[in-house]
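Let me begin by presenting the structure, written as structure tokens, before commenting on it.
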Amino acid sequence: MTYRFFAPAPPRAATGRTAAVYQQSRDDFLGPLPTFQALSAVPEVLAATWALMREALLAGDASRVDRELVAATVSRANHCQFCVDAHVLLLHALGAPKLAEAVVRGETPPEPRHAQLVRWAQASRSPRAADWTSSYGPEITGTLLAFHFVNRVVSALLDPDLLPAGLQRSPLVRSVGGRLYAKAAREPKEPGRSLPLLDAAATASPPAWAGDSPVGVAYASLRNAATRGGEALLGDVARQTVTATVRWEDGRFPARPADWAVDLVRDVPGTDRIGTRIALLAAFAPAAISPGDVALWRLSHPADADLVRVVAYGAITATDHVAQALASAHL
């Protein structure tokens, strides 16, 4: 597994909140995975991302198979091969190999509930075009939103292969890996355990769709932490450009992302142009963020943390566009 633009500090060097997140991810999941290591330069975003994924995907009473199906389907809709591979493997671990392989092939599962979940998760990529909303509870809905965010961060900052030469896409490797992770995947997790890791000031106003679930607290914390990072780096015109583009493009995949982004930032002040470009690509086509883009950004923002912040800002803007469809349905 390699990182596209920087190598995070190894887990053994972690301290403070980052170390606490890593320990909890060892206890409750599969350890500090590359996704979380890539975010470790910004501990408040790392902690909120982990909390949302833990409370939505791992804890609570909703079917874990249903949640992994949503995670894999959203990842496929967002073209995040790394996340598709990871969650197909976890479907194997949960004893659903036929469902896992149907996801890999892009097929509609035969079981009606699963087929409905797949259609719902796919439609969320463009919620306005699909007139999309949700009748699902906080855990299923939170899983969907968690992976809209995680997919974009992963595609921006990580290479797509979990294993050398893409070995994780071998059915045999998926089957063997599923058996190795079966015990960890099936253990129940207590809701709310991640919330003490969050900034107390960033957990206000959980969204209506989440009720009083810990999922809503985690989502509000992630939205606040990632948005604040963008506000610290980009001016008003830049932020308005990102927000407006996310709204009117509604999840459309640009045919030529690099050219598309150049056109969109022409009227942005010069000092903000490259940051706006990276945030827009993070929202729509994160794998298209190039070494040249990052080199230009680092001329004025050399820290890894600022690259993570601008990527997270684009990712949360796109994710919250999906969440807004839920907000209007729960008024």
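I need the full set of residues from the range 43-91 which are under 30 Å from A305 (Cβ atoms) and touching a Pro at 6+ places or on another chain (Cβ under 6 Å), in order please.
Listed by number, the residues that qualify are E55, A59, Q81, F82.
Out of V217, V237, V268, which single residue is under 28 Å from P138 (Cα atoms) and either in the same structural domain as D320 (by TED's automatic domain parsing) or crowded, with 21+ Cβ neighbours inside 10 Å (or both)? Let's see the steps before the verdict.
On the way: V237 fails: under 28 Å from P138 (Cα atoms); V268 fails: under 28 Å from P138 (Cα atoms).
Within the list V217, V237, V268, the selection yields V217.
Is there a residue in the range 125-139 that is assigned by TED's automatic domain parsing to the domain that holds L46, part of a helix (DSSP H, G or I) and among the small types (G, A, S)?
no
A quick yes/no check of all residues on (1) modelled with pLDDT of 95 or more; (2) of a type in the set (K, R); (3) in contact with a Lys or Arg (Cβ under 6 Å, 6 or more places away or on another chain):
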site: A20; (1), (2), (3): yes, no, no
site: S25; (1), (2), (3): no, no, no
site: P32; (1), (2), (3): no, no, no
site: V45; (1), (2), (3): yes, no, no
site: L52; (1), (2), (3): yes, no, no
site: L57; (1), (2), (3): yes, no, yes
site: D61; (1), (2), (3): no, no, no
site: L69; (1), (2), (3): yes, no, no
site: Q81; (1), (2), (3): no, no, no
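Filter the range 11-30 down to the residues that are surrounded by fewer than 16 Cβ atoms within 10 Å (Cβ to Cβ) and either of a type in the set (F, W, Y) or free of Cβ contacts under 8 Å to residues at least 24 places away in the same chain (or both) and list them by number.
Those that are surrounded by fewer than 16 Cβ atoms within 10 Å (Cβ to Cβ) and either of a type in the set (F, W, Y) or free of Cβ contacts under 8 Å to residues at least 24 places away in the same chain (or both): R12, A13, T15, Q23, R26, D27.
So V84 ticks every box in (1) within 17 Å of the chain's Cα centre (by Cα); (2) over 19 Å from I289 (Cβ atoms); (3) in contact (Cβ under 8 Å) with a residue 24 or more places away in the chain but one. Which box is left unticked?
Result: V84 passes all but (3).
If I go through the range 198-223 residue by residue, how many of them are among the polar types (S, T, N, Q) and either in contact (Cβ under 8 Å) with a residue 40 or more places away in the chain or in contact with a Phe, Trp or Tyr (Cβ under 6 Å, 6 or more places away or on another chain) (or both)?
2
Here is a check on your reading of the model: is R252 under 20 Å from E231 (Cβ atoms) and in contact (Cβ under 8 Å) with a residue 40 or more places away in the chain?
Criteria not met by R252.
Restricting to the range 275-331, name every residue that is of a type outside the set (A, V, I, L, M, F, W, C), modelled with pLDDT under 95 and within 18 Å of the chain's Cα centre (by Cα).
Q324, the sole residue that qualifies.
Go through (1) surrounded by fewer than 16 Cβ atoms within 10 Å (Cβ to Cβ); (2) among the hydrophobic types (A, V, I, L, M, F, W, C); (3) touching a strand residue (DSSP E or B) at 6+ places or on another chain (Cβ under 9 Å) one by one and return the number of the condition F82 breaks.
(1)
Would you mind telling me which numbered condition in (1) part of a loop (DSSP other than H, G, I, E, B); (2) in contact with a strand residue (DSSP E or B) (Cβ under 9 Å, 6 or more places away or on another chain); (3) of a type in the set (D, E, K, R) R54 fails?
(1)
Confirm whether L90 is buried (at least 24 other Cβ atoms within 10 Å of the Cβ), in contact (Cβ under 8 Å) with a residue 40 or more places away in the chain and farther than 21 Å from A318 by Cα.
It is true that L90 is buried (at least 24 other Cβ atoms within 10 Å of the Cβ), in contact (Cβ under 8 Å) with a residue 40 or more places away in the chain and farther than 21 Å from A318 by Cα.
Could you list, in sequence order, all residues of the range 97-152 that are among the basic types (K, R) and either in contact with a Phe, Trp or Tyr (Cβ under 8 Å, 6 or more places away or on another chain) or in contact (Cβ under 8 Å) with a residue 12 or more places away in the chain (or both)?
R113, R125, R128, R152 - these are the residues of the range 97-152 that are among the basic types (K, R) and either in contact with a Phe, Trp or Tyr (Cβ under 8 Å, 6 or more places away or on another chain) or in contact (Cβ under 8 Å) with a residue 12 or more places away in the chain (or both).
Among the helices (runs of 4 or more DSSP H) lying completely within the range 198-301, list those that include at least 1 residues that are in contact with a Pro (Cβ under 9 Å, 6 or more places away or on another chain) and small (G, A, S).
In the range 198-301, the matching helices (runs of 4 or more DSSP H) lie at 214-233, 236-249, 257-264.
Is it true that R64 is basic (K, R), buried (at least 17 other Cβ atoms within 10 Å of the Cβ) and under 16 Å from the mean Cα position of the chain (by Cα)?
For R64, the condition - basic (K, R), buried (at least 17 other Cβ atoms within 10 Å of the Cβ) and under 16 Å from the mean Cα position of the chain (by Cα) - is not met.
The values are calculated or read from the model by the stated rules, or taken from the named source; none is laboratory data. As the structure is a prediction and not an experimental result, all values here were calculated from the model. As a convention, Cβ positions derive from the backbone with ideal geometry for all residues, glycine included, and neighbour counts pool all protein chains shown.
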